[in-house]
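Here is the structure we will look at.
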Amino acid sequence: MSNKDVTVSKMTGNAEKQSGRVITRFGSELLVSNGDQRPVRCTTKRKLDHVACGDYVIWHANQHGNATVSKLLPRKNALTRRTYRGTPKTIAANIDQLIVTSSWLPRPIWELVDRYLIAAHQLDTDVIIVMNKSDLEKKQATNVDWKALQDYRDIDYPVIAINANTGEGVDELRQRMNAKTNIFVGRSGVGKSSIAQHFLPDIELLVNKISQSGEGQHTTTTATLYDLGDEAYLIDSPGVRDYVLDELTEKKLSDGYCEFAPYVHACRFNNCTHYHEPKCAVRTAVEQGEISEGRYQRYLSALTSMDA
Ligand SMILES: Nc1nc2c(ncn2[C@@H]2O[C@H](COP(=O)(O)OP(=O)(O)OP(=O)(O)O)[C@@H](O)[C@H]2O)c(=O)[nH]1
Ligand SMILES: [Mg+2]
Ligand SMILES: [Zn+2]
């Protein structure tokens, strides 16, 4: 959203079709960017229920001074999750980079970070791993956490330590966001909006004012696209309790553990799940310390829970 006020644009009979990008969605209403003008509130048909933040659409004004979205333009990709009912829900579309955000309180959940990395691999996006609340690191971090972070660095994921209260690490993150549509994902309360606020000094974002851990409350309620200038866009998304991948298969799971890739061709079976099969090159690489034991164990627990 730009820092201009958002109002319902009064349009008079101009039915010219225009393209725009979805800034956010409230129920059946979409807020769509309109070049340098104020964003436009549009209604939409039921069949376009799946249109999400970040989508490109065609909209037009109608005689009653309202605007309607009539078409969804092709997507590069879409980040989806499975709802508790088992149906897929699109969180945002046309994403270039996932900023997977954790904090020291609420505590990091490395299985969740791995799941976002699997999603990023499927979507073919870049990834940044952010550890926020570095002021709490000394008190909260365990050896397991240090090792988990080092494991990500060892397989070439950028890891940035941030303190959203002081601004430490924020510039480094911003530089890596240039010329991309970025999305903040992670648990509720890790400080996604607090970090985003540094990039949007003219807008007041909703940040949890009560607890430092932010646990148990969801402050951001809808994914919203912000134009940071210079072709950099940021989507601040609501925090999750959990992130369940939609349509996960054994193949997608092992592909998402990118460090397995150089070994999988040497497994005896070409459909090897790297679990109990004999002559598994991935397991050998784990035994020889070439693949992290922690990442492999998390892979196995995801694999075995798929069978359940
Ligand atoms: N100590 C400390 N607290 C922080 C830091 N960054 C954010 N917080 C606090 O953490 C709480 C949650 O911050 P938010 O920015 O609302 O978190 P969020 O990830 O956007 O949460 P949702 O919108 O619910 O997903 C707030 O009380 C912030 O003040 C930090 O670097 N250090
Ligand atoms: Mg938020
Ligand atoms: Zn194998």
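The values are calculated or read from the model by the stated rules, or taken from the named source; none is laboratory data. Here the structure is a predicted model, which is why all the values come from computation and not from measurement. Neighbour counts run over all protein chains shown; Cβ positions are idealised from the backbone, glycine included. Note: areas computed on protein heavy atoms with side chains; ligands, DNA, RNA excluded. Shrake-Rupley method; radii C 1.70, N 1.55, O 1.52, S 1.80 Å.
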>> So with the 1.4 Å probe, I'd like the accessible area per residue for region 161-257, rounded to whole Å².
In response: 48
>> Which one, Phe26, Gly239, Val286, projects farthest toward the positive side of the charge dipole computed for the chain from Cβ point charges (K/R +1, D/E -1)?
In response: Phe26
> What Cys residues in the chain are without a partner cysteine, judged by a Cβ distance under 4.7 Å?
Replying inline: Cys42, Cys53, Cys258, Cys280
> Hey, if we sort Asp124, Asp154 by accessible area with the 1.4 Å probe, largest down, what's the order?
Replying inline: Asp124, Asp154
>> Once ligands and nucleic acids are excluded and a 1.4 Å probe is used, how much of Arg41 is accessible, expressed in Å² to the nearest 10?
In response: 70
>> Please report the antiparallel percentage of the DSSP beta bridges confined to the chain, to the nearest 5.
In response: 55
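If the viscosity is 1.306 mPa s and the temperature 10 °C, what translational diffusion coefficient in µm²/s does Stokes-Einstein give for the chain when Rh comes from Kirkwood over Cα pairs?
Estimated via Stokes-Einstein, D reaches 76 µm²/s.
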> Share of region 59-145's accessible area from carbon and sulfur, percent, 1.4 Å?
Replying inline: 49
>> Using only the Cα atoms of region 18-72, what are the Rg and Dmax in Å?
In response: 9.8, 29
>> So, taking all protein chains as they sit and a 1.4 Å probe, how much accessible area belongs to Met131, in Å² rounded to tens?
In response: 10
> Is it possible to state the helix-based mean residue ellipticity at 222 nm for the chain, with each DSSP H run of 4+ residues giving -39500 (n - 2.57), the sum divided by total residues, to the nearest 500 deg cm²/dmol? What is it?
Replying inline: -7000 deg cm²/dmol
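When only DSSP loop residues count, what chymotrypsin sites (Phe, Trp or Tyr not before Pro) in region 81-124 have their Cβ near at most 11 other Cβ atoms within 10 Å?
Taking region 81-124 and a limit of 11 other Cβ atoms within 10 Å, the loop chymotrypsin sites (Phe, Trp or Tyr not before Pro) found are Tyr84.
So, with a 1.4 angstrom probe, what is the percent of accessible area on region 151-308 that is carbon and sulfur?
Here carbon and sulfur together make up 47 percent of the probe-accessible area.
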> For region 250-307, what number results from the quotient of the Cα radius of gyration and 2.2 N^0.38 Å?
Replying inline: 0.99
>> I'd like the accessible area for Glu137, computed on protein heavy atoms only with a 1.4 Å probe and all protein chains in place. Round to 10 Å², please.
In response: 40
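Please list His218, His274 in order of solvent-accessible area, largest first, computed with a 1.4 Å probe with all protein chains present.
My answer, sorted largest first, is His218, His274.
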>> Could you sort Thr43, Thr125 by their accessible area in this structure, using a 1.4 Å probe and putting the largest first?
In response: Thr43, Thr125
> In square angstrom, what is the accessible area per residue of region 18-72 with a 1.4 angstrom probe?
Replying inline: 48
> In debye to the nearest 20, how big a dipole does the chain give about its Cα centre with +1 on each Lys and Arg Cβ and -1 on each Asp and Glu Cβ?
Replying inline: 1100
